[in-house]
1. Might you let me know whether segment 240-254 holds any residue that is open to solvent by 40 Å² or more (accessible area, probe 1.4 Å) and within 25 Å of residue 67 (Cβ to Cβ)?
2. Does segment 281-299 hold any residues that are closer than 16 Å to residue 247 by Cβ, part of a helix (DSSP H, G or I) and open to solvent by 50 Å² or more (accessible area, probe 1.4 Å), and which are they?
3. Run down 103, 154 and say which single residue is of a type in the set (Lys, Arg) and part of a loop (DSSP other than H, G, I, E, B).
4. If we scan segment 227-235, do we find a residue that is closer than 23 Å to residue 137 by Cα, outside any loop (DSSP other than H, G, I, E, B) and at pLDDT below 85?
5. Residue check: is residue 219 more than 24 Å from the chain's Cα centre (by Cα) and in a loop (DSSP other than H, G, I, E, B)?
6. If the requirement is being open to solvent by 30 Å² or more (accessible area, probe 1.4 Å) and at pLDDT 95 or above, which of these qualifies: 152, 133, 197?
7. Just a yes or no: is a residue in segment 231-238 crowded, with 19+ Cβ neighbours inside 10 Å and out of contact with any His (no Cβ under 7 Å at 6 or more places or on another chain)?
8. Give segment 300-311 a look and list any residue that's open to solvent by 30 Å² or more (accessible area, probe 1.4 Å), outside any strand (DSSP E or B) and of a type in the set (A, V, I, L, M, F, W, C), or say none.
Amino acid sequence: MDRLGRKPSIAAVILLGLSMVSREAAATTVFSMSTSLVPHGGYVNLTWKVTRTFSKGKSVAQILLVCPTVSSKVAPTVSDATDIFEGPAQGATITVGPLLNMRDVSCTFHYSVGGLVYLDQNAAKGQWTFQFERGQRQAMQEHLSLTSKLTEMRLTWVSALSHSPIVTYRPVGTQGNNKTVQAIFSTYTNNSMCGPEATKTGPNNFINPGYIHTAVMGPLAAATDYEYSFGDAISQTNNWTTFHSPLQSSSSVNVVVFGDMGTWGTSIISDNGKDSPVPKVLKKVQDLISSTRVDLITHVGDLAYADGMGKIWERFFWRIEGVANQVP
């Protein structure tokens, strides 16, 4: 982008990137990543070293996160990036994350300086490609909700694929007393959205939401601790999550109420920044769940502040998983 805010064409970026690679063929470049298989919400270390001396004003490298991976012969632009990280142009090791599985087969980090992405015919320079551990079978964004019956609990989650989605549940401490229910699923497209920002497609607008699964557990005994696992018949989650079934008669109900939480700004890397209230809010809610009986959580006001950006909703649901999967 020039000083007037104009973006170079994709063709221009490709040509400039290729010429830069050919000029720098003799320079020493090192690009490495701590792992190429990342768990949902995981972190990786990226390392680079470039011996070329950059001109004044080009001392900072931008690392573009592009999902899904594009051809090694195509130079992505800033508008293609799901997120952008920065570091010294000549070399650094940075930790990036949490990286969220948004149902893409693979993702790639691209090294860029001065708006130019370094390309290499063998994809060996300037790129780090990774996949998520559970790939498109990752079950995510799980959250509980009440139904019209106090003897039931509804579980909703998202995944890229839908092969016989199920929920298995049982009272805590009763292994072998499992019950399994089949989930139903649905999805939606950008044409289902109500406004122009949300109907656009791309990494910074509408993204494919995958399949939304929902299953109802019940009948449940009153005020009883249950545990559940979920996913599909081929790749069900191995982890069991606990919830407390609703009270069926009580003079009091404990409700946690908060509002306008949002996510954490425009970049994932500001997630745990000192100015971000999100971790503090969710820790407080988690502490309440751990120390007392919480029957219901209500989030009022604005939720994710997504403004038509699907990736913000992905971050929001990932963030609230730790409390929404325990209390409706």
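The values are calculated or read from the model by the stated rules, or taken from the named source; none is laboratory data. Keep in mind that this is a model prediction, so the values were computed, not measured. Ideal geometry is used to build each Cβ from the backbone, glycine not excepted, and the neighbour counts take in all protein chains shown. Just so you know, the surface numbers come from the protein's heavy atoms only, side chains and all, with ligands and any DNA or RNA stripped out. Shrake-Rupley method; radii C 1.70, N 1.55, O 1.52, S 1.80 Å.
1. The answer is no, given that none of the residues of segment 240-254 is open to solvent by 40 Å² or more (accessible area, probe 1.4 Å) and within 25 Å of residue 67 (Cβ to Cβ).
2. Selection gives nothing.
3. That would be 103, the only listed residue that is of a type in the set (Lys, Arg) and part of a loop (DSSP other than H, G, I, E, B).
4. Checked segment 227-235: at least one residue is closer than 23 Å to residue 137 by Cα, outside any loop (DSSP other than H, G, I, E, B) and at pLDDT below 85.
5. Yes.
6. None of the others qualify; the one that does is 152.
7. Yes, segment 231-238 contains a residue that is crowded, with 19+ Cβ neighbours inside 10 Å and out of contact with any His (no Cβ under 7 Å at 6 or more places or on another chain).
8. Within segment 300-311, 303, 309 meet the criteria.
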